[in-house]
Amino acid sequence: MSIAPETAHRVALLMGAATEAILWGPARGWVQTRHAGSELKCRAGSGQATYHKFDPHSRRHTITYGRQMVAAKFEGITSQGWLSTREIQGRGYFEGEVSTCNLLAHTCCHEFAHLLQNVSGERHHGSVHNAAFYRILDEMHTSGGAVAVRAFLVEKSRQQGIELPRSLMTLDDVRDQLSRFAVGDTVQFGQAPRQREGRIIRVNRRTCTVQGTGRWRGARYRVPVSMMRHSR
């Protein structure tokens, strides 16, 4: 199921609202005892980038939910390269069931876990998705926070006339996808106007390392296999 960019933007805003209402509300007091005066602002970005950022000067935490990330999680083939998909499957979140609804709710929890990890002093250079991070993320799922976020998204999206699919996705084996690519292949990835091109220089377990060509010469990318296609 594909969605229009404006719908993806609205969903990204709803994810921000869910994060602020369901996750930030109960944690705000605890966070402020450690980061006095700090607040959270969630926003919708125009690309795939989805991340948490803390500005020590303004004491503001910002979580950005990318519009293209939202759109990618409405289809099985473009959902497979995301860490959120592997976390749901590998750690048994939402009983290991991958659906658009579960992916978006889990993404909210994932980014908020980075906020709590930052406040706890457990985020270090080169050690982001570490044991401390997953203790926090596990707790959000076992405590019912993730289910509450999902319920919020379902209800608010319904009120806006947006359908968040809850049916299970059919996911291809990553190994089968990787078998379609080889070192030396010229590929494209990303979406206009941020589409890029390059040549595969390494095939990894779940991604390919791509050396940019043309206007992207000199750049190097690690690209989920589900987001690549052969150049014509």
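Worth a mention:
- So F112, is it buried (at least 23 other Cβ atoms within 10 Å of the Cβ), in the same structural domain as V147 (by TED's automatic domain parsing), under 21 Å from A132 (Cβ atoms) and not polar (S, T, N, Q): yes
- Qualifying position, being modelled with pLDDT of 95 or more and of a type in the set (A, V, I, L, M), among I77, I63: I63
- Complete set of residues in the stretch 99-136 that are under 16 Å from Y51 (Cα atoms), touching a residue at least 60 places away in the same chain (Cβ under 8 Å) and either touching a Gly at 6+ places or on another chain (Cβ under 6 Å) or not β-branched (V, I, T) (or both): L104, A105, C108, C109, E111, F112, H114, L115, L116, N118
- Flag for E197 being farther than 30 Å from F54 by Cα and either of a type in the set (A, V, I, L, M) or touching a strand residue (DSSP E or B) at 6+ places or on another chain (Cβ under 6 Å) (or both): yes
- Residue ranges of strands (runs of 3 or more DSSP E) in the stretch 17-126 with at least 2 members touching a Lys or Arg at 6+ places or on another chain (Cβ under 6 Å) and polar (S, T, N, Q): 60-66
- Some residue of the stretch 157-166 being acidic (D, E) and under 22 Å from P224 (Cβ atoms): no
- Selection count, the stretch 55-81, where residues are of a type in the set (F, W, Y) and crowded, with 23+ Cβ neighbours inside 10 Å: 1
- Qualifying positions in the stretch 1-49 - aromatic (F, W, Y) and surrounded by fewer than 18 Cβ atoms within 10 Å (Cβ to Cβ): W30
- Screening the stretch 147-232 for strands (runs of 3 or more DSSP E) wholly inside it with 3 or more residues that are within 22 Å of the chain's Cα centre (by Cα) returns the ranges 207-212, 220-224.
- Here T33 fulfils each of the conditions (1) more than 12 Å from T64 (Cα to Cα); (2) β-branched (V, I, T); (3) touching a residue at least 12 places away in the same chain (Cβ under 8 Å) apart from (3).
The values are calculated or read from the model by the stated rules, or taken from the named source; none is laboratory data. For clarity, every value in this text was computed on a predicted model and none was experimentally measured. Virtual Cβ from ideal backbone geometry, glycine too; neighbours counted across all protein chains shown.
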